[in-house]
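Colleague: Take this structure first; my questions come after.
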Amino acid sequence: MAEKFIIEGRKPLRGEVKIGGYKNAAGAILASTILTDEGCFIENLPLVEDILNLIKILENMGAKVNWVEPRTVNINCSSLSVENLDSELINKMRVSVLLIGPLLARFKNFRISHPGGDRIGLRPIWTHLDALEKLGTKIKQEREFYEFRTKKLEGREIVLKEFSVTATENLMMAASLAEGRTIIKAAAAEPQVQDLGKMLNNMGAKIKGLGTHTIEIDGVKKLSGARHSIIPDPLEAGTFIVAGLASGSAIEVKNMVPEHLDVFLDKLKGMGANLKIGKDRVKVLPSKIFKPTVIQALPYPGFQTDLQPIVAPLMIQARGKSIIHDPMYENRFGYAQELRKMGADIDIVDPHRMLIFGKKPIQGAIIESPDMRAGAALVIAGLIAKGETIINNIEQIDRGYEAIEKKLQKLGADIKRMVL
């Protein structure tokens, strides 16, 4: 059933917010349980739609799933069958692409439908396919399906065609059970890649170089079960930090890893943000004035592409011209038209560059969430706008944020979830 958010803006926020588990880490961690026939305990799971659907896919394949606590699950994949892959759920979400590596390592031959996800630009999986072919896999595409066949996986030196997080993760999982050594060059270094490597090593894998752009994996014959706690979500943390700054509020964002947001936090400070950074938290204090800035989305440790929409409402508050450059996706500015409906002065130069002219007050409006991160940015815009903002298509936001409105309500925001 379709739902919407109704926000009455310009309400000050105050208090503390605790950050949950990282969706982008949880997907790969859950997929890695396929690699063993022993039970795995996964803690700090975010209860968001994409993750719950991935668990459903595993259950439909025959996994035994036991919820030990609200965010802790015991998964045993000893009885999986690739004949029961749920094409409908796989088509709904990009995270399902992470099933390919572990399924290949375990079953050798299978057929899977194309993964889905946000419509933020071309998101082909050629980098994944090229890398897996070099491990000894034959891949055939048939309309809406990919067919994978291999006799055995053999380690190789592989140079990825781009710094792809999910391609790196798929290759790490497949190579963990391959024969010999695999060296991944131009590997992604993001926190979720490091988290997956930690999980795999706890299962008995032999992986070195995590956090760098060269990862070495010595294949083993068998992986065991493990217990693992998902890292805190840096994107959720960044969202609440900007919500506090943009609304001129004093809040504390807890249970996070500030070093996962080094470039992001440094950019905010450069804009004039008043932040106190601790070991596992960031305190947001009212700031006098925000300066315009230039943001370029880059692979980690650069400015995360998922956070560039989040900063846009803050740029509206800055005096002067700000620039966002996102070379990674060509449809990432879908939220710009929605911000314009609220009165924002925005010029899209080309599919990868956008200018934001501030400082201009924005008004509440009826707007649409085009994707997950854009939707969160629009929520922030609603918090700072004068009057009422209605955001439709919020199921996109629910895919990556667990009850965002409830956390904001505890901070004092006037936001309600309503059925259309």
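Colleague: Only residues in segment 15-28 that are under 22 Å from Ala413 (Cβ atoms) count as the first member; pair them with residues that are polar (S, T, N, Q) and outside any helix (DSSP H, G or I), Cβ under 6 angstrom, at least 6 apart or cross-chain, and list the lot.
Modeller: From residues that are under 22 Å from Ala413 (Cβ atoms), the pairs are Lys18/Asn255; Ile19/Asn255.
Colleague: Oh, and also: Out of the residues in segment 1-19 that are farther than 22 Å from Gln192 by Cα and of a type in the set (Lys, Arg), state the one that is surrounded by the most Cβ atoms within 10 Å (Cβ to Cβ).
Modeller: The extreme case among them is Lys4.
Colleague: Further question: Has segment 274-294 got any residue that is under 19 Å from Ile241 (Cβ atoms), surrounded by fewer than 16 Cβ atoms within 10 Å (Cβ to Cβ), without any contact (Cβ under 8 Å) to a residue 24 or more places away in the chain and of a type in the set (Gly, Ala, Ser)?
Modeller: So far as segment 274-294 goes, yes, one or more of its residues are under 19 Å from Ile241 (Cβ atoms), surrounded by fewer than 16 Cβ atoms within 10 Å (Cβ to Cβ), without any contact (Cβ under 8 Å) to a residue 24 or more places away in the chain and of a type in the set (Gly, Ala, Ser).
Colleague: Out of the residues in segment 20-60 that are under 13 Å from the mean Cα position of the chain (by Cα), over 23 Å from Ser176 (Cβ atoms) and at pLDDT 95 or above, which is surrounded by the fewest Cβ atoms within 10 Å (Cβ to Cβ)?
Modeller: Gly20
Colleague: What do you reckon, is Leu210 free of Cβ contacts under 8 Å to residues at least 40 places away in the same chain, more than 17 Å from the chain's Cα centre (by Cα) and in a helix (DSSP H, G or I)?
Modeller: Taking the combined requirement at face value, the residue does not satisfy it.
Colleague: Return the residues of segment 29-46 that are on the phi < 0 side of the Ramachandran plot and part of a loop (DSSP other than H, G, I, E, B); say none if nothing qualifies.
Modeller: Within segment 29-46, Thr36, Asp37, Glu38, Gly39, Leu45, Pro46 meet the criteria.
Colleague: Sticking with this structure for a sec: Taking the condition of being among the acidic types (Asp, Glu) and in a strand (DSSP E or B), how many residues in segment 158-183 meet it?
Modeller: Total meeting the criteria: 1.
Colleague: Going by the conditions given, is Arg106 among the charged types (D, E, K, R) and buried (at least 18 other Cβ atoms within 10 Å of the Cβ)?
Modeller: So Arg106 passes the test.
Colleague: Given the condition closer than 21 Å to Leu177 by Cα, touching a strand residue (DSSP E or B) at 6+ places or on another chain (Cβ under 7 Å) and in contact (Cβ under 8 Å) with a residue 24 or more places away in the chain, answer yes or no: does some residue in segment 66-76 qualify?
Modeller: The answer is yes, given that some residue of segment 66-76 is closer than 21 Å to Leu177 by Cα, touching a strand residue (DSSP E or B) at 6+ places or on another chain (Cβ under 7 Å) and in contact (Cβ under 8 Å) with a residue 24 or more places away in the chain.
Colleague: Considering each of Ala318, Ala250 in turn, give the residue that is aliphatic (A, V, I, L, M), in the same structural domain as Ile362 (by TED's automatic domain parsing) and more than 21 Å from Lys360 (Cβ to Cβ).
Modeller: Matching residue, one of Ala318, Ala250: Ala250.
Colleague: Out of Asp262, Asp218, I need the residue that is over 30 Å from Thr33 (Cβ atoms) and either out of contact with any Leu (no Cβ under 7 Å at 6 or more places or on another chain) or not aliphatic (A, V, I, L, M) (or both). Which one?
Modeller: Only one candidate passes the filter, namely Asp262.
The values are calculated or read from the model by the stated rules, or taken from the named source; none is laboratory data. Please read all numbers here as calculations on a predicted model, not as lab measurements. FYI the Cβ positions are ideal-geometry reconstructions off the backbone, even for glycines, and counts take in every protein chain you see.
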